[in-house]
Amino acid sequence: MIRETPSTSTLAVASEYVRSRHLFAPQVRYPVLVAVANDDNAPAVIQLTAALADRGAEPTVLNTIHLLAPAAGRNAAETTLAFAHSALGSDVYRHQENIIRHIIRETLGASAWPIKIVAGEPASAIASAAEELHADLLVMGIHDHGKFAQVLGEHTAIRVMAKAPMPVLGVRPQTVRLPQCVMVATDFGKSSWETAHIAANLVDPGGTIVIAHVSWSPPVVDETDEGAALVRTEGISRVFEHLADEIKIGRSIEVKLIAREGDPGTELLAAAEQINPDLIASASQRHRLLTRLLVGSVSRKLVLEGRWSMLITPPIA
């Protein structure tokens with residue numbers, strides 16, 4: 001039996017996965033929504049945003065006044081916000097804006113970033129404001145909520161990452177500058193292929209991208225899993241080399257591969273502990289219901305740990 005040499009056609013298709021998203025690329029301006037709360041994460045979020053502004057970001061700062069989610073109904077959201085405006089009054093909004101402006105001034109010395117104050121359920125308000133701004137990136141703080149909170153449910157950052165149609169950069173308090181080392185959790189599908197490109201634009205020159213891939217055999221095979229099909233056809237080494245060659249073009253970065261086998265969430269956490277990256281980048285896991293029940297969301301597991309800053313990119317439509 002003669003084995004055919006793998007063609008480049010499949011890998012060429014992989015290159016076409018990447019959208020015209022040029023976040024963090026030199027001389028490219030793009031709008032960014034920065035969700036800032038009056039908490040310990042605020043200075044890190046602001047400092048990292050300032051670093052992004054030096055790389056083309058045009059920030060708009062958002063602060064939310066927490067209200068309960070509106071009841072179901074056609075005009076429920078509008079009714080709730082109208083009530084908020086009448087109940088809170090303009091002085092509350094102005095006071096909150098002054099607090100956020102003071103935090104920015106204390107962190108950076110000065111800033112002319114526009115500030116927007118909204119009332120509502122934080123995750124929905126943040127995601128809606130990002131869409132209204134047509135933001136290419138959403139920046140917010142993430143916390144280590146501990147095992148008890150992980151059992152209770154999702155926190156605001158995870159709900160935003162599930163809703164937002166643009167990449168979300170979740171910042172830990174110790175992350176105040178662009179990363180030197182980024183771990184990209186990838187299945188080599190179209191969304192994680194794009195994630196690797198965005199991460200390569202984000203990492204500091206001279207930095208390192210670690211492509212982390214976990215091989216596993218799910219009980220139910222998802223025929224739409226193009227990443228697994230690509231690896232089966234071309235082999236992980238060949239696919240990695242092609243991706244590494246692409247994301248190194250025009251950049252002085254090092255690209256490495258770490259390959260593991262087993263449960264994706266467990267193995268990626270182990271890889272992160274081994275690498276200790278400044279940032280983990282991952283495509284959002286929005287699988288069909290059955291696959292989601294079997295696998296769970298790998299991105300959600302990583303964010304819930306709260307130990308690393310996270311860049312979560314949405315699926316490619």
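Whole-Hz Karplus ³J(HN,Hα) for the stretch 260-272, in order, using 6.51 cos²θ - 1.76 cosθ + 1.60 and θ = phi - 60°, x for Gly and Pro?
Those phi angles translate into 9, 10, x, 5, x, x, 5, 6, 5, 5, 5, 5, 5 Hz.
If packing is taken as the average number of other Cβ atoms within 10 Å across a peptide's residues, how do 123-136, 256-269 rank, most packed first?
Values: 123-136: 19.6, 256-269: 17.3.
Going from most to least packed, we get 123-136, 256-269.
Which entries in 190/248; 248/301; 163/248 show an alpha-carbon gap greater than 22 Å?
248/301; 163/248
Using the 10 angstrom Cβ neighbour count as an exposure proxy, how do 215, 90 rank, fewest first?
Arranged by neighbour count, lowest to highest, 215, 90 become 90, 215.
For a footprinting-style exposure proxy, rank 278, 91 by other Cβ within 10 Å, fewest first.
91, 278
Run the numbers for residue 237 and residue 58: contour at 0.36 nm per residue of separation, minus the present Cα-Cα distance, in nm.
Length difference between fully extended and current span is 60.6 nm.
Taken together, the values in this text are just the output of simple stated rules run on the coordinates, not laboratory data. Being a predicted model, the structure only gives us computed values, none of them experimental. Here the Cβ is made from the backbone with ideal geometry for all residues, glycine too, and neighbour counts use every protein chain on show.
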